[in-house]
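This report concerns only the one structure given below.
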Amino acid sequence: MHLDIDNLNSRETPFYYYDLDFLETTLSDLSIASMRPNFNVHYAVKANANRPILELIANHGFGADCVSGNEIKIALESGFANESIVFAGVGKTDDEITYALNQEILCFNCESIQEIEIINELAYNLNKTARIAIRINPNINAETHEKITTGLIENKFGISMNRLGEVLEIIKNSPNIELSGVHFHIGSQITKMYVFRELCARINGINRWFNELGIQLEHINVGGGLGIDYDAPRINPVPNFQSYFALFDKFLQLFPGQQVYFELGRSVVGQSGMLVTKVLYVKEGETQNFLVCDAGMTELLRPALYQAKHHIENISSIFSKVENYTVVGPICETSDCFGKNIALPLTRRGDLLIMYSAGAYGEVMSSNYNLRNKVDALYRSTRWKEMANEYNRVEAEAS
Ligand code: LLP
């Protein structure tokens, strides 16, 4: 990550700062690591849906994993091909399904029997055939935060393995549905690689089961979930894509011609973005000293929602003396806290703080609670200077 300090100092805070050069480095690594004839990576747009970021990712030839009609729309506008877009989500509306059918996207990842019936009905009305994948709940513990665990039987996601027979009956009687594959996604910020091995083993059994029934699945979608290093983003800026893809290559047992889809979000964009905030007040408390910043949970919700830790640095301080601070935002909630006992050089009002690893699920989850302004974004790119300048101008005008 490159910090353009002069540029950062001249901007009104808070804002997201995206290093598009670094994103390109990540994308090149991802391309190389995933380079196998049957591997297809679809970027999970929900992680970050900013236009310059989507354009760069599309430009590298990746597909898109979308969870709303609006995500499909922005993906198409940003250059993703319609036949590289998959549409997931437990609650697709009729309008969204109709829109996706008209755009002739690659595949719907279906999460319930009723959803399959509705897609069939809507496709029939349009005289189209919908390609679908059944999202299966494999009941595997991703060993991550409970709020981003999706593959356990008590979660709302996917269809239980016990119901697959019933699902196949419905599909058999749905002339406007074509079964293309199966889909899995067991959670996010997964750092224990054996979890993915366990997923492969479960998928292999299911894949064989379909085969024994005489159903040749065209694709297996293994979802996303690869974690990033929030503790040491400077030391480990690019996730270990090599070992991630090698694992699936080694442990997934495929039948000839089967394709594998991946839906990575966080690992693609997480380390390319950071939140820049200014210290409004240094407040001496009874038990701790607070740094009250002009960014809060409205700009970066992850610490409040998942007790997430984003590495924090003070880029203004000239002092070598280090103090412990509790770093908080201005919002009227006790959960509006970025971290306690954070060691930082002696900090004063007006200093800039950087919250690292905020490129994924940062800006997209921002809100205007307390009637706050929409958070701004600044892009840095040497290779795509014009694009960065253009977007910086457009966003500055809009804010
Ligand atoms: N596929 C599906 C079906 C998903 O639900 C998700 C993420 C992904 C792929 C991408 O997962 P990734 O590679 O980014 O882990 N807001 C939370 C994360 C929520 C993840 C939601 N689903 C956070 O800030 O940690």
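The values are calculated or read from the model by the stated rules, or taken from the named source; none is laboratory data. Just so we're clear, the structure is a prediction, and the values are computed from it rather than from any experiment. Here Cβ is always computed from backbone atoms with ideal geometry, including for glycine, and neighbour counts include all displayed protein chains. What goes into the accessible areas is simple: the full protein's heavy atoms, side chains included, and nothing from ligands, DNA or RNA. Shrake-Rupley method; radii C 1.70, N 1.55, O 1.52, S 1.80 Å.
Table: residues versus (1) outside the structural domain of V279 (by TED's automatic domain parsing); (2) in contact with a helix residue (DSSP H, G or I) (Cβ under 8 Å, 6 or more places away or on another chain); (3) assigned to a helix (DSSP H, G or I); (4) modelled with pLDDT of 95 or more.
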{"site": "H2", "(1), (2), (3), (4)": "yes, yes, no, no"}
{"site": "L8", "(1), (2), (3), (4)": "yes, no, yes, no"}
{"site": "R11", "(1), (2), (3), (4)": "yes, no, no, no"}
{"site": "Y17", "(1), (2), (3), (4)": "yes, yes, no, yes"}
{"site": "E24", "(1), (2), (3), (4)": "yes, yes, yes, yes"}
{"site": "S28", "(1), (2), (3), (4)": "yes, no, yes, yes"}
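Only one of the listed residues (L254, L264, L301) is in contact with a helix residue (DSSP H, G or I) (Cβ under 9 Å, 6 or more places away or on another chain), over 24 Å from N341 (Cα atoms) and open to solvent by 10 Å² or more (accessible area, probe 1.4 Å). That residue is L254. For V276, the stated conditions do not hold, so it cannot be described as under 27 Å from K46 (Cβ atoms), open to solvent by 10 Å² or more (accessible area, probe 1.4 Å) and either in a loop (DSSP other than H, G, I, E, B) or in contact (Cβ under 8 Å) with a residue 40 or more places away in the chain (or both). In this structure, Y325 does satisfy being assigned to a strand (DSSP E or B) and either within 16 Å of the ligand (Cβ to nearest atom) or of a type in the set (F, W, Y) (or both). Of the residues making up segment 329-341, those that are open to solvent by 30 Å² or more (accessible area, probe 1.4 Å) and in contact (Cβ under 8 Å) with a residue 40 or more places away in the chain are P330, K340, N341.
When the helices (runs of 4 or more DSSP H) confined to segment 43-107 are screened for residues that are buried (at least 22 other Cβ atoms within 10 Å of the Cβ), those reaching at least 3 such residues are found at 51-59, 69-77. Part of a strand (DSSP E or B), polar (S, T, N, Q), over 26 Å from T25 (Cα atoms) and at pLDDT 95 or above: is that true of N341 in this structure? Yes. Pairing each residue of segment 65-79 that is without any contact (Cβ under 8 Å) to a residue 60 or more places away in the chain and acidic (D, E) with any residue that is within 16 Å of the ligand (Cβ to nearest atom) and assigned to a helix (DSSP H, G or I), provided the two are 6+ apart or on different chains, yields C-beta distances under 9 Å for E71/V45; E71/K46; E77/L54.
Checking every residue in segment 128-135 against the condition of being modelled with pLDDT under 95 and surrounded by fewer than 21 Cβ atoms within 10 Å (Cβ to Cβ) gives zero matches.
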